[in-house]
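Report on the following structure.
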Amino acid sequence: MMFKKLALMAATAGMLLLSGCASIQQPVPVKPAFWQGKDQGVAIVVPTLPKAVAMKVGNQGLLDVAINSALANPLETHLNSLDLSEFNRVAQKINDGLAAKGFSQVTIVNGFDLSKLQEFKDQKPGTGFAKQDFRPLAASMNSGKAVVLKVMAAGTVRAYYGFIPLGAPSAKFMVEAQIVNLKDNSLEWYQNFDRTQPVADPWDQSPNFPNVTNAVYQNVDAVVNDIVRELTTKG
């Protein structure tokens, strides 16, 4: 019983950490202004995808981290090799949904380098404005709005107490989704899409980890569908 309580506490703290680091911005439902601006160009921007990794959460000292990282190296190596580009199809799906609603000027940009953008300092974070300054995209992408879909976490997450794992890894995929008004950098939609699911037994199938791989890709598909459903079935 104590072991299960420790696992739950570590996993909960880890999920809060992973989710909380994404942003302090509260969710913003899609604003009517977005649907009313069908004559403006819309850029669907999917930033450069990260590598999938083996995330470790819970109470770990420096030595514990070193031990846990070494033991997880085969899984880490496999996750790093996974192709996450299937997520990029979310842009075309959103494009199709917006076209059906009358949007005629849509630009798709995959692999955008967010490091090119400056921090937005005109407003404090969490006050309804994007953290980075997307306004230069108005000219470069000939658009009035940008739908930005940034992968924040991909791979697996596992809870530890010291160097003791508190259960098997779970697959995780999280995306920060926002619509940015390129005139003033205000948010017309903001939501985090987060999927975590258990990996089917047995999970430790080195070197190819087929059950882990399936769970990771299932999460990608589920998040793509969640985003498309949320954005294109309304308005």
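Annotations
- Condition met for Phe3 (at pLDDT below 95, closer than 30 Å to Val90 by Cβ, among the aromatic types (Phe, Trp, Tyr) and out of contact with any Phe, Trp or Tyr (no Cβ under 6 Å at 6 or more places or on another chain)): no
- The listed residues are Val175, Val147, Val157, and the only one of them that is touching a Ser or Thr at 6+ places or on another chain (Cβ under 6 Å), within 24 Å of Ala52 (Cα to Cα) and hydrophobic (A, V, I, L, M, F, W, C) turns out to be Val157.
- Complete set of residues in region 158-185 that are surrounded by fewer than 19 Cβ atoms within 10 Å (Cβ to Cβ), free of Cβ contacts under 8 Å to residues at least 60 places away in the same chain and in contact with an Asp or Glu (Cβ under 9 Å, 6 or more places away or on another chain): Ile164, Ala168, Asp184
- On inspection, Gly155 passes the criterion of being of a type outside the set (S, T, N, Q), touching a residue at least 60 places away in the same chain (Cβ under 8 Å) and within 20 Å of Ile227 (Cα to Cα).
- Scanning region 206-221 for residues that are free of Cβ contacts under 8 Å to residues at least 40 places away in the same chain and surrounded by fewer than 15 Cβ atoms within 10 Å (Cβ to Cβ) gives Pro210, Asn214.
- Candidates Leu166, Leu149 - the one that is within 25 Å of Ala215 (Cα to Cα) and at pLDDT below 95: Leu166
The values are calculated or read from the model by the stated rules, or taken from the named source; none is laboratory data. Computed from a prediction, not measured in an experiment: that's the story for all the values here. A quick note on method: Cβ atoms are made from the backbone with ideal geometry, for glycine too, and the neighbour counts reach across all protein chains shown.
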